[in-house]
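First comes the structure, then the notes that go with it.
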Amino acid sequence: MITLGIIGVVAAITLPILISNNRNRIFYTGLQTAYSILQEGLVKMSNDYGYTISSSSFERRSNGDFYNVYKTYYKKIYDCSVSDPNESICMSRNNRNEAGLGIDPLYKTLNGNQIRTSIFDDGQFVLPNGMLIIFEDTGYSDILISVDINGKRQKPNRLGYDLFTFQLMDDGKLLPMGANGTHYSNMNTYCSKESVSEYNGIACTYKALTAKDYWKNLSK
């Protein structure tokens, strides 16, 4: 009985750690896969256009113009469109907080606060593997592509955990947000559990791909 009791205590201590580590490995693998999938679409698009597609390729565009072309390079199980998406599987663009800012109640920042959806509202589609691909196309400069690697219906739906953002640069490179030169690169504001920014976690994409201790620290 004593031996069984000891085994039970050890299991109670180690099992949550094993579950957390396994979940983090799944997230990390999903992020790597998403990065590769997004780059493949850009390569195909560039080949068809005959030049490297960059953030300046769609200048003076309307919101959604880039998304409407880019999505044609993927097999989709659902096209969320730019307006009035199916909110059960797509990020909402119609809900508002008390200040009138766009939100989706199910999506949170790195430290669990409510995110703003204003940089996730220019088109979305769901891939056969369940990933939700989300676009921000300002019409003037930045093109951001975000990925909920396990889809809206699976938690945690948090920036820096299962929701990650990339930026298409002027030279055609797709960089993980947080890398030098990207729009959100201040780690103290955009990848810190102490930050109160409504976009906290968006710069964690770079860390999640490059920092060896990122996923370990995420569980603390």
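The values are calculated or read from the model by the stated rules, or taken from the named source; none is laboratory data. Quantities reported herein were computed from a predicted structural model and do not represent experimental measurements. For neighbour counting, all protein chains shown are included, and Cβ atoms are generated from backbone atoms with ideal geometry for every residue, glycine included. In case anyone asks, the SASA skips ligands and DNA or RNA and just uses the protein heavy atoms, side chains included. Shrake-Rupley method; radii C 1.70, N 1.55, O 1.52, S 1.80 Å.
Could you tell me the accessible area of Val69 in Å² (1.4 Å probe, neighbours in place), rounded to the nearest ten?
The accessible area comes out at roughly 40 Å².
Considering only protein heavy atoms and a probe of 1.4 Å, how much of the accessible area of the stretch 102-167 is carbon and sulfur, as a whole percent?
Answer for the stretch 102-167 is 49 percent, counting heavy atoms of protein chains only.
May I ask you to compute the full-extension gain from Met187 to Asn111, defined as 0.36 nm times their residue separation minus their alpha-carbon distance, rounded to one decimal in nm?
Numbers: separation 76, 0.36 × 76 = 27.36 nm, distance 1.36 nm.
Once the chain is fully extended between Met187 and Asn111, it gains 26.0 nm.
In nm, to one decimal, how far is the Gln32 label point from the Asn129 one, both placed 7 Å along Cα→Cβ?
Taking the simple label geometry, Gln32 and Asn129 are separated by 1.1 nm.
Using r as the Cβ-Cβ distance of Asp170 and Ser83, and R0 as 25 Å, what FRET efficiency do you calculate, to the nearest 0.05? Don't skip to the answer; put the middle values down first.
Numbers: r = 28 Å, r/R0 = 1.14.
Once the sixth-power term is evaluated, E becomes 0.30.
Longer than 32 Å from Cα to Cα, which of Lys71/Lys193; Lys75/Lys108; Lys108/Lys212 are they? Say none if no pair is. It would help to have the intermediate numbers written out before the result.
Values: Lys71/Lys193 34 Å; Lys75/Lys108 28 Å; Lys108/Lys212 24 Å.
In this structure, Lys71/Lys193 exceed 32 Å between Cα atoms.
Please compute the modelled spin-label separation between Lys212 and Asn97, points set 7 Å along Cα→Cβ, answer in nm with one decimal.
Calculated label separation equals 3.8 nm.
Rolling a 1.4 angstrom probe over the protein chains, ignoring ligands and nucleic acids, what is the accessible area of Arg23 in square angstrom, nearest 10?
The accessible area comes out at roughly 90 Å².
Nothing charged except the Cβ atoms of Lys and Arg (+1) and of Asp and Glu (-1): what's the magnitude of the dipole of the stretch 104-163 about its Cα centre? Round to the nearest 20 debye.
Numbers: 6 positive and 8 negative charges, 84 e Å.
Computed about the Cα centre, the dipole is about 400 debye.
Please calculate the 1.4 Å probe accessible area of Glu40, with all protein chains present, and give it to the nearest 10 Å².
Spelled out: Glu40, probe radius 1.4 Å, area about 100 Å².
Express in whole angstrom the spacing between the alpha-carbon centres of the stretch 104-137 and the stretch 160-197.
First find each Cα centre; the distance between them is then 14 Å.
Please give me, ordered by residue number, the chymotrypsin sites (Phe, Trp or Tyr not before Pro) of the stretch 127-220 that lie in loop per DSSP and have at most 15 other Cβ atoms within 10 Å.
Tyr140
Shape call for the stretch 76-162 from the C-alpha gyration tensor, a ≥ b ≥ c root eigenvalues: rounded (a/c under 1.5), prolate (a/b greater than b/c) or oblate?
On the way: a/c = 1.39, a/b = 1.09, b/c = 1.27.
Since a/c stays below 1.5, the shape of the stretch 76-162 is classed as rounded.
Calculate the spin-label point distance for Lys155 paired with Ser118, positioning each point 7 Å from the Cα along the beta-carbon direction, and give it in nanometres.
Roughly 2.9 nm, to one decimal.
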